[in-house]
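**Q** This is the structure, below, for whatever I ask next.
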Amino acid sequence: MIELKNVSFGVKDGNAEEQKIILSNVNLTVPDNCITAITGQNGGGKSTLMKLLMGIEKPTGGKIFYNGKDITDMNVTERARMGFSIAFQQPVRFKGITVKKLLSLASGKESDVGTLCNYLSAVGLCAKDYVNREIDSTLSGGELKRIELASAIAKGGDVFLLDEPEAGIDLWSFEELINTFLGLKDKSVIIVTHQKKILDVADNIILVNHNAPPELGEREKMLPKLAENETCGRLKR
Ligand SMILES: Nc1ncnc2c1ncn2[C@@H]1O[C@H](COP(=O)(O)OP(=O)(O)O)[C@@H](O)[C@H]1O
Ligand SMILES: [Mg+2]
């Protein structure tokens, strides 16, 4: 269980004296063993909320707890050791490193072709086309996102934090991606998404907007709120 207690995050905007508040008064309890989707307006603070969960940004106020332990000051590496597995909205490229090497590093062991194939097919990629490719600019945005997701799966863990894993992914069956998420359901899976099909398999939805603190509720309770919200028109079906 992940708990955010009175979490806020502000940044100094350019030369401005005042802090720009991006998130304030966030109180959320994200349960284990289920899929929680984060959705809402562009610029509402979804990626910022993710970065706070990942440990890439530290809250400017409040505390974050994981299974009762205060992790507010733990960085991304410490959280990874604790069992957090992450995929960014904008994946990082590692020139000179092959897909095989990246997945082996992520899983912590030299993986055989069969295992690599499982990781890659979970994200709709054919292993033989990709294992020896470098993680460089020759990969398309969608391929890079899928390889990053495969590396989060290869790393494994108890908490998966995925920021718009569907972005740039359109040429392969969405069902496959959704099955991959459902396969992680005995973990905590937190996904930023605008996709209605992903929201439909989420147990809980966190709605993040400019004008109110993020709110978490069960899917059936939250879906009507999304429909009322102007975000509705932006959901991809
Ligand atoms: N480091 C930063 N400095 C200044 N503004 C930021 C910073 N990070 C995010 N923002 C702003 O905070 C708001 C929320 O950003 P973000 O969390 O990326 O939104 P979302 O992922 O919901 O689209 C946006 O207005 C964005 O421009
Ligand atoms: Mg974002």
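**Q** Considering region 112-155 alone, what residues qualify as being hydroxyl-bearing (S, T, Y), at pLDDT 90 or above and either surrounded by 14 or more Cβ atoms within 10 Å (Cβ to Cβ) or assigned by TED's automatic domain parsing to the domain that holds F181 (or both)?
**A** T115, Y119, Y130, S151 - these are the residues of region 112-155 that are hydroxyl-bearing (S, T, Y), at pLDDT 90 or above and either surrounded by 14 or more Cβ atoms within 10 Å (Cβ to Cβ) or assigned by TED's automatic domain parsing to the domain that holds F181 (or both).
**Q** Among the residues of region 1-36, what is the count of those that are open to solvent by less than 30 Å² (accessible area, probe 1.4 Å) and within 13 Å of ligand 2 (Cβ to nearest atom)?
**A** 1
Residue by residue, here is whether (1) within 22 Å of I153 (Cβ to Cβ); (2) hydroxyl-bearing (S, T, Y) holds:
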site	(1), (2)
N15	no, no
E18	no, no
N25	no, no
C34	yes, no
N42	no, no
S47	yes, yes
I56	yes, no
D73	no, no
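**Q** Which residue pairs have Cβ atoms under 6 Å apart, sit 6 or more places apart or on different chains, and have a first residue in region 42-70 that is acidic (D, E) and a second that is in a strand (DSSP E or B)?
**A** D70/K63
**Q** Which condition from (1) within 18 Å of S47 (Cβ to Cβ); (2) away from ligand 2 (no atom under 16 Å from the Cβ) is the one that G141 breaks?
**A** (2)
**Q** Continuing with this model, one more query. Go through (1) more than 16 Å from ligand 2 (Cβ to nearest atom); (2) in the same structural domain as L226 (by TED's automatic domain parsing) one by one and return the number of the condition K46 breaks.
**A** (1)
**Q** Among (1) open to solvent by less than 30 Å² (accessible area, probe 1.4 Å); (2) more than 16 Å from ligand 1 (Cβ to nearest atom), where does M50 come up short?
**A** Result: M50 passes all but (2).
The values are calculated or read from the model by the stated rules, or taken from the named source; none is laboratory data. The shown structure was predicted, so the numbers you read here are calculated from the model rather than taken from an experiment. Cβ atoms come from the backbone with ideal geometry, glycine included; neighbour counts cover every protein chain shown. Accessible surface areas use protein heavy atoms only, side chains included; no ligands, DNA or RNA. Shrake-Rupley method; radii C 1.70, N 1.55, O 1.52, S 1.80 Å.
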